[in-house]
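Undergrad: Structure incoming, see below.
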Amino acid sequence: MPAPTSRVLFALPLALDRSPVEGCYAVVTLSTHVLDLVDGRPAVGMRVRVWRRESEQWVLVTDRATDSDGRVRDLVHQAEAGRWRIVFGTGSWSAAHGRASFYPEIPVEFEAVEGHTHVPLLFGPYGYSTYRGT
């Protein structure tokens with residue numbers, strides 16, 4: 001018998017009133033790391049909101065802030081695979097640090113299929129970059 005190409009784990013549903021599809025689903029975890037390119041340092045205390053696409057609407061999953069290393073290591077823990085959006089509060093963070101920002105928020109939308117997904121953000125007043133990290 002050939003080895004399976006993907007692994008499916010049992011997990012709790014996101015909400016108590018919602019049952020998992022056919023009793024199980026692929027489990028994902030999310031994390032992020034935000035770096036300020038002006039100072040070359042972690043963006044400490046930046047607001048990070050995570051949304052998940054449910055049917056035809058976006059549902060807020062968590063609203064956190066980066067730690068002293070500019071990270072949120074456990075942004076989402078054991079959730080369903082699917083379409084996700086992380087919204088970084090760059091405008092308010094920049095204003096709190098006495099800087100202008102062309103981007104009031106930076107939304108990053110992606111598909112998390114299985115396992116851990118790390119989404120770093122490198123940003124400055126007039127540009128940013130993101131990628132799938134490890």
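The values are calculated or read from the model by the stated rules, or taken from the named source; none is laboratory data. Keep in mind the model is a prediction, meaning the values are calculated, not measured. No Cβ is skipped: glycine too gets one built from the backbone with ideal geometry, and neighbour counts run over all protein chains shown. The area values use the complete protein model at the heavy-atom level, side chains included, leaving out ligands, DNA and RNA. Shrake-Rupley method; radii C 1.70, N 1.55, O 1.52, S 1.80 Å.
Undergrad: Need at least 2 residues that are among the small types (G, A, S) per element, so show me which strands (runs of 3 or more DSSP E) inside segment 16-134 make the cut, counting only ones lying wholly within it. Give the derivation first.
TA: Values: elements: 27-36, 47-54, 57-65, 71-80, 82-88, 106-112, 115-124, 127-130.
By residue number, 115-124, 127-130.
Undergrad: Mind checking which residues of segment 77-110 are among the hydroxyl-bearing types (S, T, Y) and open to solvent by less than 70 Å² (accessible area, probe 1.4 Å)? Before you say what the answer is, go through the steps one by one.
TA: Initial filter on segment 77-110 (among the hydroxyl-bearing types (S, T, Y)): 90, 92, 94, 101, 103.
Residues satisfying the conditions are T90, S94, S101, Y103.
Undergrad: Please determine, by comparing only the residues of segment 26-46 that are farther than 15 Å from P120 by Cα and crowded, with 19+ Cβ neighbours inside 10 Å, which one is modelled with the lowest pLDDT.
TA: Taking the candidates together, the pick is V27.
Undergrad: Please give the number of the condition R49 fails out of (1) open to solvent by 50 Å² or more (accessible area, probe 1.4 Å); (2) at pLDDT 95 or above.
TA: (1)
Undergrad: Among the residues of segment 52-76, count how many are more than 21 Å from T134 (Cβ to Cβ), surrounded by fewer than 15 Cβ atoms within 10 Å (Cβ to Cβ) and among the charged types (D, E, K, R).
TA: Adding up the residues that qualify gives 3.
Undergrad: Could you please let me know if V113 is surrounded by 14 or more Cβ atoms within 10 Å (Cβ to Cβ) and of a type in the set (V, I, T)? Full working, then the answer.
TA: Numbers: surrounded by 14 or more Cβ atoms within 10 Å (Cβ to Cβ): no; of a type in the set (V, I, T): yes.
So V113 fails the test.
Undergrad: Further question on the same structure: Report the residue count in segment 33-70 for those that are under 11 Å from the mean Cα position of the chain (by Cα) and charged (D, E, K, R).
TA: The number of residues fulfilling the criteria is 4.
Undergrad: Cβ-Cβ under 6 Å, sequence separation 6+ or interchain: first residue in segment 80-94 and hydroxyl-bearing (S, T, Y), partner in a strand (DSSP E or B) and open to solvent by less than 30 Å² (accessible area, probe 1.4 Å). Which pairs?
TA: T90/I106; T90/F123
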